[in-house]
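Please read the structure below before turning to the comments.
A short reminder: the numbers here are calculations on the coordinates, not readings from a lab. Here the structure is a predicted model, which is why all the values come from computation and not from measurement. As a convention, Cβ positions derive from the backbone with ideal geometry for all residues, glycine included, and neighbour counts pool all protein chains shown.
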Amino acid sequence: IAERPTAGFLQLYQKDDDALRTELSEGLLAPQAATSPKFLYDALGSKLFEAICELPEYYPTRTEAAIFDTHLSDIVESAGQGGVLIDLGAGNCAKAARLFPVLRPRDYVPVDISVDFLRGAVEGLRQRFPRIRMTGLGMDFSRSLALPAFVPEDGRLFFYPGSSIGNFAPEQALSLLTAMRTACGDDGGLLIGVDLAKDARLLNAAYDDALGVTASFNLNLLRHLNGLLGADFDVRDWRHRAFWNPAQGRVEMHLEARRHVVVRWQGGQRHFREGERIHTENSYKYTRQGFLQLLERAGFPAARTWTDEREWFLVCHARA
Ligand code: AVJ
């Protein structure tokens with residue numbers, strides 16, 4: 001507890017990390033160019049994602065919220081009150097804030113890679129909920145879930161809503177879930193939201209909306225890369241592509257070159273043919289049974305689940 005920063009915020013993630021640049025550079029130079037979806041979330045990317053959540057086509061956020069509204073007392077009874085709520089990919093912290101009045105956590109630890117965005121959100125929340133101890137963590141939990149020592153070990157509840165787990169391929173998802181299982185101890189748990197497989201038309205519309213907000217969110221990655229890598233991507237050279245891949249059970253997002261382009265950055269350069277793509281995100285969709293099996297393999301044998309009438313989205317509380 002002594003190590004708890006007085007400012008209530010700790011940045012563990014180094015933006016100018018060489019490892020990060022190497023990772024990006026390698027991804028861009030791979031035969032199939034690819035970048036991790038975490039790079040979609042600079043400050044503007046986080047705002048564009050907030051806008052996506054308001055779109056009529058983007059059903060996950062409001063479907064999940066409706067499940068929480070309908071089953072809140074059951075969910076809280078299952079998850080237990082008064083613990084340590086660790087919010088992974090907290091963003092604007094709005095989903096956790098809606099739980100506070102009933103879940104009444106003793107500690108709230110929001111974690112996000114988008115440090116500046118998180119800092120603003122936590123400052124606002126601290127005013128509204130002065131009784132909850134809050135410490136924001138700017139860190140890349142996809143690399144390591146090692147939490148600082150001041151985070152209490154008893155009664156840890158990991159909160160991973162919004163189907164962010166879908167960004168990981170099943171085997172990577174398994175290792176992240178296993179890391180949560182280890183970090184939550186035998187008296188903790190996991191409250192997680194998972195998007196379910198559904199009609200391709202619904203999925204395609206959700207990731208390629210009429211207003212083009214998702215396109216902007218995807219294209220904004222290039223601006224972020226220009227800043228991170230000193231790259232010279234021209235956003236106008238690229239177009240958004242998103243589609244359901246049934247063989248892989250995932251929606252894929254790509255950026256496709258509109259014409260032949262040459263891109264240069266610190267540590268590399270590459271030619272992209274017209275039509276060549278950078279793979280920017282996967283969003284895996286699960287069945288209830290498939291996800292429960294994954295939880296079991298991760299060491300969470302017991303889980304309660306809640307869904308909506310259309311069975312579009314699943315909320316799980318998994319216990320050790
Ligand atoms: C935040 C990863 C859950 O996969 O649906 C939304 C991100 N990408 N539209 C998702 C996203 C395009 C979102 N997650």
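Values as computed for the structure displayed
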quantity: Loop sites in the stretch 88-164: trypsin sites (Lys or Arg not before Pro), DSSP, at most 16 other Cβ within 10 Å; calculated: Arg106, Arg131, Arg143
quantity: Contour excess over end-to-end distance, with Cα ends at Glu77 and Asp186 and 0.36 nm allotted per residue; calculated: 37.5 nm
quantity: Cβ-derived FRET efficiency at R0 35 Å, Ala51 paired with Gln289, nearest 0.05; calculated: 0.55
quantity: Glu281 long-range amide H proximity, modeled H, under 5 Å; calculated: Met253
quantity: DSSP-loop GluC sites (Glu not before Pro) across the stretch 32-66, with at most 14 other Cβ within 10 angstrom; calculated: Glu54
quantity: For the chain, calculated [θ]222 nm from helices alone, where every DSSP H run of n ≥ 4 adds -39500 (n - 2.57); calculated: -11500 deg cm²/dmol
quantity: Sparse-neighbourhood loop sites, trypsin sites (Lys or Arg not before Pro) in the stretch 181-252 - DSSP loop, at most 16 other Cβ within 10 angstrom; calculated: Lys198
quantity: In Hz, Karplus ³J(HN,Hα) per residue of the stretch 144-159 (6.51, -1.76, 1.60; θ = phi - 60°; x = Gly, Pro); calculated: 7, 9, 4, 8, x, 4, 6, 6, x, 8, 8, x, 7, 10, 7, 10
quantity: Using θ = phi - 60° and Karplus 6.51 cos²θ - 1.76 cosθ + 1.60, couplings along the stretch 54-65 (whole Hz; Gly, Pro as x); calculated: 8, 5, x, 6, 8, 6, x, 4, 6, 5, 5, 4
quantity: Simple spin-label estimate for Asp18 and Arg297 in nanometres, 7 Å along Cα-Cβ; calculated: 3.6
quantity: Separation of the Glu171 and Val102 label points, Cα + 7 Å toward Cβ, nm; calculated: 3.9
quantity: Extension reserve of the Phe150-Gln127 stretch, reckoned as 0.36 nm per residue once the Cα distance is removed; calculated: 6.1 nm
